[in-house]
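> Sharing a structure below in structure tokens format, with a few things to ask.
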Amino acid sequence: MQERILGRTGTPVSVVGLGAWQLGADWGRVDEDEALATLIAAHEAGVTFIDTADVYGDGRSERIVGQFARSLPAGRRVTVATKMGRRVPQTPEAYRRDNFLAWNDRSRENLGVDTLDLVQLHCPPTEVYRTDEVFDTLDEMVAEGRMRAYGVSVETTEEALLAIARPNVASVQIIFNMLRLKPLDEVFPAAEKAGVGIVARVPLASGLLSGRYDEQTTFGADDHRTYNRHGEAFDQGETFSGVDYDTGLAAVRRLAALKPEDATMAQFALRWIIDHPAVSVVIPGARNGEQARANADAAALPSLTPEAHAGVQDVYDELVRSSVHPRW
């Protein structure tokens with residue numbers, strides 16, 4: 001598995017990681033044994049970066065990831081990134097020191113560690129990125145040994161650029177996939193110049209880019225692809241990347257014609273992301289070991305041709321760009 005440095009952390013991580021949202025909630029139920037099997041399969045395939053959050057299953061994802069990480073033999077470890085901030089009403093006033101310390105304590109307990117590898121603010125209100133006290137507190141928490149580094153998870157390119165300008169932000173997690181190209185314009189160049197890592201999330205557009213869905217596909221009542229298509233529960237951009245479902249299906253059918261013969265549609269989508277050097281790690285989710293191994297295998301594929309990259313841009317320009325909110 002190819003490795004890249006995760007921004008200002010200085011830590012090498014596998015270019016394909018694992019997003020652990022689905023091991024907690026909002027994607028249908030994944031039982032604990034299957035969740036652990038997924039983590040084991042991913043690590044055996046070379047994955048050394050796992051992304052979770054305190055709000056995924058109200059801590060369930062963190063606890064399962066922590067159990068897995070502690071089970072690894074000496075000399076084998078993973079970098080675990082967690083997030084904080086979404087367990088309270090989303091007002092700038094909630095992002096204060098006493099809450100940070102309480103959230104940090106809870107995540108350290110869930111993960112079973114004294115020092116967290118990376119803590120990311122979890123898509124806070126935009127005003128938070130402009131608040132010096134927030135980042136002063138995060139600096140103090142690093143100095144106190146509560147965490148080794150901190151980053152942010154953002155919804156918009158504006159927020160990403162505000163975060164990159166902060167001197168001690170190690171990484172920015174942002175939605176980036178074949179249906180969401182705006183980060184290429186300003187965010188990636190700014191991150192590379194500043195030495196900030198990019199964690200690419202929602203790489204398969206909530207599964208759309210797997211090529212497995214059509215107009216007849218349905219999702220469970222407890223799956224955000226059912227209940228958040230229009231932003232009813234959280235930011236609409238987190239579900240199908242904010243792209244209208246039917247538009248997404250049409251785009252994927254066009255993109256399928258560009259896929260290498262020796263790759264699945266999902267692997268093609270992941271390889272396209274890996275081809276962008278600003279990306280430190282891409283974090284597809286997986287519900288079982290088979291999916292985790294297939295995702296990891298995308299790193300072994302050769303880089304895509306210039307013609308394939310141009311084709312992806314054409315599909316975005318012709319079908320997707322006009323349907324995506326300008327802030328994305």
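The values are calculated or read from the model by the stated rules, or taken from the named source; none is laboratory data. Note that the structure is predicted; figures quoted are calculated from it, not measured. Virtual Cβ from ideal backbone geometry, glycine too; neighbours counted across all protein chains shown. The area values use the complete protein model at the heavy-atom level, side chains included, leaving out ligands, DNA and RNA. Shrake-Rupley method; radii C 1.70, N 1.55, O 1.52, S 1.80 Å.
> Check whether at least one residue in segment 130-150 is in contact with a Lys or Arg (Cβ under 6 Å, 6 or more places away or on another chain), of a type outside the set (Ser, Thr, Tyr) and not in a helix (DSSP H, G or I), and report yes or no.
no
> Could you give every pair whose Cβ atoms fall below 6 Å, whose first residue belongs to segment 197-214 and is closer than 15 Å to residue 236 by Cα, and whose second residue is of a type in the set (S, T, N, Q), counting only separations of at least 6 or pairs across chains?
Every condition considered, the pairs that remain are 201/173; 202/241; 205/177; 205/241; 206/239.
> State the number of residues belonging to segment 246-275 that are within 22 Å of the chain's Cα centre (by Cα) and either open to solvent by 50 Å² or more (accessible area, probe 1.4 Å) or of a type in the set (Phe, Trp, Tyr) (or both).
3
> Then there is this: Of the residues that sit in segment 121-160 and are free of Cβ contacts under 8 Å to residues at least 60 places away in the same chain and in contact with a Gly (Cβ under 6 Å, 6 or more places away or on another chain), which one is surrounded by the most Cβ atoms within 10 Å (Cβ to Cβ)? Walk me through it before giving the result.
Taking segment 121-160 first, the residues free of Cβ contacts under 8 Å to residues at least 60 places away in the same chain are 121, 124-147, 150, 152, 154, 159-160.
With in contact with a Gly (Cβ under 6 Å, 6 or more places away or on another chain) added as a condition, the list becomes 121, 124.
Values: 121: 25, 124: 23.
Ranking the qualifying residues of segment 121-160, first place goes to 121.
> Here's something else I'd like to know. Given (1) open to solvent by 10 Å² or more (accessible area, probe 1.4 Å); (2) within 22 Å of residue 251 (Cβ to Cβ), identify the lone condition not met by residue 203.
If we test residue 203 against (1) open to solvent by 10 Å² or more (accessible area, probe 1.4 Å); (2) within 22 Å of residue 251 (Cβ to Cβ), just (1) comes out false.
> Of the conditions (1) open to solvent by less than 10 Å² (accessible area, probe 1.4 Å); (2) touching a residue at least 12 places away in the same chain (Cβ under 8 Å), residue 228 clears all except one; give me its number.
Residue 228 satisfies every listed condition except (2).
> Can you pull out the helices (runs of 4 or more DSSP H) entirely within segment 1-116 that have at least 1 residues that are without any contact (Cβ under 8 Å) to a residue 12 or more places away in the chain and buried (at least 22 other Cβ atoms within 10 Å of the Cβ)?
Values: elements: 32-44, 60-71, 97-111.
Per the criteria, no element qualifies.
> Right, another one. Collect the residues in segment 176-187 that are surrounded by fewer than 24 Cβ atoms within 10 Å (Cβ to Cβ) and either closer than 12 Å to residue 7 by Cα or in contact with a Pro (Cβ under 9 Å, 6 or more places away or on another chain) (or both), keeping them in residue-number order.
Residue satisfying the conditions is 182 alone.
> May I pose another question? Has segment 279-292 got any residue that is under 21 Å from the mean Cα position of the chain (by Cα), among the aliphatic types (A, V, I, L, M), surrounded by fewer than 22 Cβ atoms within 10 Å (Cβ to Cβ) and under 20 Å from residue 192 (Cβ atoms)? Quick ask: steps written out before the conclusion?
Taking segment 279-292 and keeping what is under 21 Å from the mean Cα position of the chain (by Cα), we get 279-292.
In the following step, the residues that additionally are among the aliphatic types (A, V, I, L, M) were identified as 279, 281-283, 286, 292.
Applying the additional criterion that residues be surrounded by fewer than 22 Cβ atoms within 10 Å (Cβ to Cβ) yields 279.
Now narrow it down to the ones that are under 20 Å from residue 192 (Cβ atoms): 279.
Yes; the residues of segment 279-292 include at least one that is under 21 Å from the mean Cα position of the chain (by Cα), among the aliphatic types (A, V, I, L, M), surrounded by fewer than 22 Cβ atoms within 10 Å (Cβ to Cβ) and under 20 Å from residue 192 (Cβ atoms).
> When both residues are 6+ apart or on different chains and their Cβ atoms are under 9 Å apart, which pairs have a first residue that lies in segment 299-328 and is under 13 Å from residue 274 (Cα atoms), and a second that is open to solvent by 70 Å² or more (accessible area, probe 1.4 Å)?
Qualifying pairs under 9 Å: 299/1; 299/2; 300/1; 300/2; 301/262.
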